[in-house]
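The values are calculated or read from the model by the stated rules, or taken from the named source; none is laboratory data. Remember, it's a predicted structure, so these values are computed and weren't measured experimentally. Every residue, glycine among them, receives a Cβ derived from its backbone with ideal geometry; neighbour counts consider all protein chains shown. Just so you know, the surface numbers come from the protein's heavy atoms only, side chains and all, with ligands and any DNA or RNA stripped out. Shrake-Rupley method; radii C 1.70, N 1.55, O 1.52, S 1.80 Å.
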Amino acid sequence: MIQKTLVLIKPDAVKRALVGDCIKRFENAGLKIIGMKMKWVNKDFARKHYSAHIEKPFFKSLSEYITLGPVVAIVLEGIESIELVRKIVGHTEPKQAHPGTIRGDYAHHTIAYTDKTGKSIMNLIHASGTAEEAEQEIKLWFTKEEIHDYKRSDHDFVL
Ligand code: AMP
């Protein structure tokens, strides 16, 4: 099934100039960019995006992390794109992320360390986890006019 999913290239990845590398990996897999913008969100917006985590002990550090600097928000479209994007991104905890994934290649934080220090897990990317989450998140980050339904080329196997 063709799905849309939201990816955020988080402030640490933007600061480390990994934006191009991340986008390249999604495009290499055949995913189509149908929306993209740079946005520096505030704490109110962070609460909306991470509403499922508000009660979690790590919410404060998570909110600080996502508001550290601008993020690049992208809507990707492709067959089973939600699962595919999460596979390309790798495990939430960088320690467990395999080499070859974005987090496995560029991050190494552990939950044990962040629990002890109160710091946030710097894991470079956010990717929607379910179809419901993707729908809500895309609505939060993009207007209808910012999503572009176009045909990429005759070789566009997705459409
Ligand atoms: P998720 O909605 O699963 O992507 O989780 C949101 C974000 O919260 C993750 O990408 C991490 O940055 C952070 N996070 C998730 N679990 C933990 C945890 N146990 N400790 C600290 N931060 C976490």
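Entry remark, segment 1-31: residues being of a type in the set (D, E, K, R) and part of a strand (DSSP E or B) number 1 in total.
Name the one entry in Ile74, Ile82, Ile111, Ile125 that is open to solvent by 60 Å² or more (accessible area, probe 1.4 Å), at pLDDT 95 or above and not aromatic (Phe, Trp, Tyr).
That would be Ile111, the only listed residue that is open to solvent by 60 Å² or more (accessible area, probe 1.4 Å), at pLDDT 95 or above and not aromatic (Phe, Trp, Tyr).
Residues that are free of Cβ contacts under 8 Å to residues at least 24 places away in the same chain and of a type in the set (Val, Ile, Thr) within segment 67-111 comprise Thr101, Thr110, Ile111, listed in sequence order.
Taking the condition away from the ligand (no atom under 11 Å from the Cβ), within 19 Å of Glu27 (Cα to Cα) and either without any contact (Cβ under 8 Å) to a residue 40 or more places away in the chain or open to solvent by less than 60 Å² (accessible area, probe 1.4 Å) (or both), does Leu140 pass?
Judged against the criteria, Leu140 is not a match.
Here is the figure for segment 49-85: residues that are of a type outside the set (D, E, K, R) and in a strand (DSSP E or B) total 8. Filtering segment 3-16 to residues that are open to solvent by 10 Å² or more (accessible area, probe 1.4 Å) and either modelled with pLDDT under 95 or of a type in the set (A, V, I, L, M, F, W, C) (or both) leaves only Val14. Candidates Glu93, Glu64: the one that is more than 18 Å from Lys4 (Cα to Cα) and within 9 Å of the ligand (Cβ to nearest atom) is Glu93. Within segment 17-32, being surrounded by 14 or more Cβ atoms within 10 Å (Cβ to Cβ) and not small (Gly, Ala, Ser) holds for Leu18, Val19, Asp21, Cys22, Ile23, Arg25, Phe26, Leu31, Lys32.
Between Ala134, Ala112, the distinction of being assigned to a helix (DSSP H, G or I), over 24 Å from Leu18 (Cα atoms) and among the aliphatic types (A, V, I, L, M) belongs to Ala112 only. If I filter segment 121-132 for residues that are of a type outside the set (A, V, I, L, M), over 15 Å from Lys10 (Cβ atoms), within 12 Å of the ligand (Cβ to nearest atom) and out of contact with any Gly (no Cβ under 8 Å at 6 or more places or on another chain), do I get at least one hit? Taking every residue of segment 121-132 in turn, at least one turns out to be of a type outside the set (A, V, I, L, M), over 15 Å from Lys10 (Cβ atoms), within 12 Å of the ligand (Cβ to nearest atom) and out of contact with any Gly (no Cβ under 8 Å at 6 or more places or on another chain).
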